[in-house]
Amino acid sequence: MTHHIARQVHDKFKIFSGDLAADGTIGKLADEVAAFANKSKIAAKSIGVAYLDASRQLVITLGYRDDGDAYPIKLHCIRLGKVDVKGKNFTALEEKMSKASAKHDNIICHELYVTGENDFTVVVMTHLAK
């Protein structure tokens with residue numbers, strides 16, 4: 001088991017940035033991240049997504065390894081809508097995330113971001129390896 005988790009460890013990162021799409025999703029950045037991973041022949045391990053409210057910009061980080069088997073990936077962006085998280089009760093958000101992720105196979109990791117309008121969006125990274 002230790003060997004498998006060691007393959008998840010990574011220390012290389014690529015940063016992408018761009019405008020929030022009109023529909024509130026990461027838009028074309030999803031394709032840019034996937035294209036980099038596929039062209040560079042890397043093993044994607046993690047993503048991070050930061051939303052900069054003042055400029056309506058997204059910053060996406062891709063964590064990866066370049067010393068092993070490469071595989072294609074895809075990012076999927078699912079708007080969850082407004083979720084009341086007052087009182088630290090995240091049950092509704094957890095349920096929405098689970099429902100959204102159930103529509104995708106082979107999820108490697110996920111990231112959650114929220115816009116200034118308190119709209120939650122989840123981004124999941126899936127592998128397309130056969």
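Each reported figure results from applying straightforward, stated rules to the coordinates on display, with no laboratory input. Keep in mind that what you see is a predicted model, and the values were worked out from it rather than measured.
Mind jotting down a quarter of the surface of the convex hull over the alpha carbons of the stretch 33-97, in square nanometres, one decimal?
On the way: hull surface 24.9 nm².
Taking a quarter of the hull surface, the average projection is 6.2 nm².
Report, in listed order, any pair from K28/K82; K12/K74; K12/K96; K39/K103 with a Cα-Cα distance greater than 28 Å.
Working: K28/K82 23 Å; K12/K74 18 Å; K12/K96 31 Å; K39/K103 26 Å.
The answer is K12/K96.
Tell me, what are the semi-axes, in whole angstrom and largest first, of the equivalent ellipsoid of the chain as set by the roots of 5 times the Cα gyration tensor eigenvalues? Numbers along the way, then the final one.
Details: eigenvalues 136, 65, 33 Å².
The answer is 26, 18, 13 Å, longest axis first.
Divide by every residue of the chain the summed helix terms, -39500 (n - 2.57) for each DSSP H run of at least 4, and state the resulting mean residue ellipticity at 222 nm, rounded to the nearest 500 deg cm²/dmol. Could you put the intermediate results ahead of the total?
Working: 3 runs with 28 residues, N = 130.
Result for the chain: -6000 deg cm²/dmol, rounded to the nearest 500.
What base-10 log of the normalised intensity I(q)/I(0) is obtained for the stretch 1-69 from the Debye formula, alpha carbons as equal point scatterers, at q = 0.13 Å⁻¹?
-0.42
Would you mind calculating the relative contact order of the chain from Cα pairs under 8 angstrom and at least 6 residues apart, reporting the percent as a whole number?
On the way: 241 pairs, mean separation 33.6, N = 130.
Reported as a whole number, the value is 26 percent.
Roughly what angle does helix 29-40 make with the longest principal axis of the chain, taking Cα atoms, 0 to 90 degrees, to the nearest 10?
Taking the Cα atoms of the chain, the angle to 29-40 is about 10 degrees.
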